[in-house]
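The values are calculated or read from the model by the stated rules, or taken from the named source; none is laboratory data. Quantities reported herein were computed from a predicted structural model and do not represent experimental measurements. Neighbour counts are summed over all protein chains in view; Cβ atoms, including those assigned to glycine, are modelled from backbone coordinates with ideal geometry. Only protein heavy atoms, including side chains, enter the accessible area calculation; ligands, DNA and RNA are left aside. Shrake-Rupley method; radii C 1.70, N 1.55, O 1.52, S 1.80 Å.
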Amino acid sequence: MTDIDVAELQQRLAAFAAARDWGQYHTPKNLAAALSVEASELLEIFQWLTPEQSARIMEKPESAHRVADEVADVLAYLLQFCEVLGIDPTAALADKIERNEKRFPVPGAPELRDRHSSE
């Protein structure tokens, strides 16, 4: 992991796009489409692998590089999408985790048992 934060990455991506006058193309619709395409390219790497092969994909430098590049592309488009719509991606993720923790409680956790008790 690096110490680069999300806001810094978003600023670098915005500057990169602005220097090339790409802002006109970075609409929410286009960025969502590009994100989907890049996610599909990531999936393509794994398409015909067995579960065991997919678990070992990072062991080979050539496949590890491909996976890392596609992950970078997915993240880049997601961060640009968030920037255009004013979404704080880390806050959105934290909120979603909190909702999921309530929606999907740990089986056997005290709050689950208490909810179904007759007391």
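Of the residues A64, A33, A76, A55, which single one is under 13 Å from the mean Cα position of the chain (by Cα) and at pLDDT 95 or above?
Values: A64 fails: under 13 Å from the mean Cα position of the chain (by Cα); A33 fails: under 13 Å from the mean Cα position of the chain (by Cα); A55 fails: under 13 Å from the mean Cα position of the chain (by Cα).
From the options A64, A33, A76, A55, the qualifying one is A76.
Taking A55 as the residue in question, decide whether it is more than 19 Å from L79 (Cβ to Cβ) and either of a type in the set (F, W, Y) or exposed (fewer than 14 other Cβ atoms within 10 Å of the Cβ) (or both).
Yes, satisfied.
Restricting to segment 23-47, what's the tally of residues that are surrounded by 14 or more Cβ atoms within 10 Å (Cβ to Cβ) and outside any helix (DSSP H, G or I)?
Counting residues in segment 23-47 that are surrounded by 14 or more Cβ atoms within 10 Å (Cβ to Cβ) and outside any helix (DSSP H, G or I) gives 1.
Could you go through segment 13-20 and let me know if any residue there is outside any helix (DSSP H, G or I) and not hydroxyl-bearing (S, T, Y). Before the answer, list the steps.
To start, the set of residues in segment 13-20 that are outside any helix (DSSP H, G or I) comprises 20.
Going one step further and asking which of them are not hydroxyl-bearing (S, T, Y), we end up with 20.
The answer is yes; a qualifying residue exists.
Pairs, please: C-beta under 7 Å, at least 6 apart or cross-chain, first residue closer than 20 Å to A91 by Cα and open to solvent by less than 80 Å² (accessible area, probe 1.4 Å) and in segment 1-21, second at pLDDT 95 or above and hydrophobic (A, V, I, L, M, F, W, C)?
Short answer, once both residue conditions are applied: V6/L79; L9/L79; Q10/L79; L13/A76; L13/L79.
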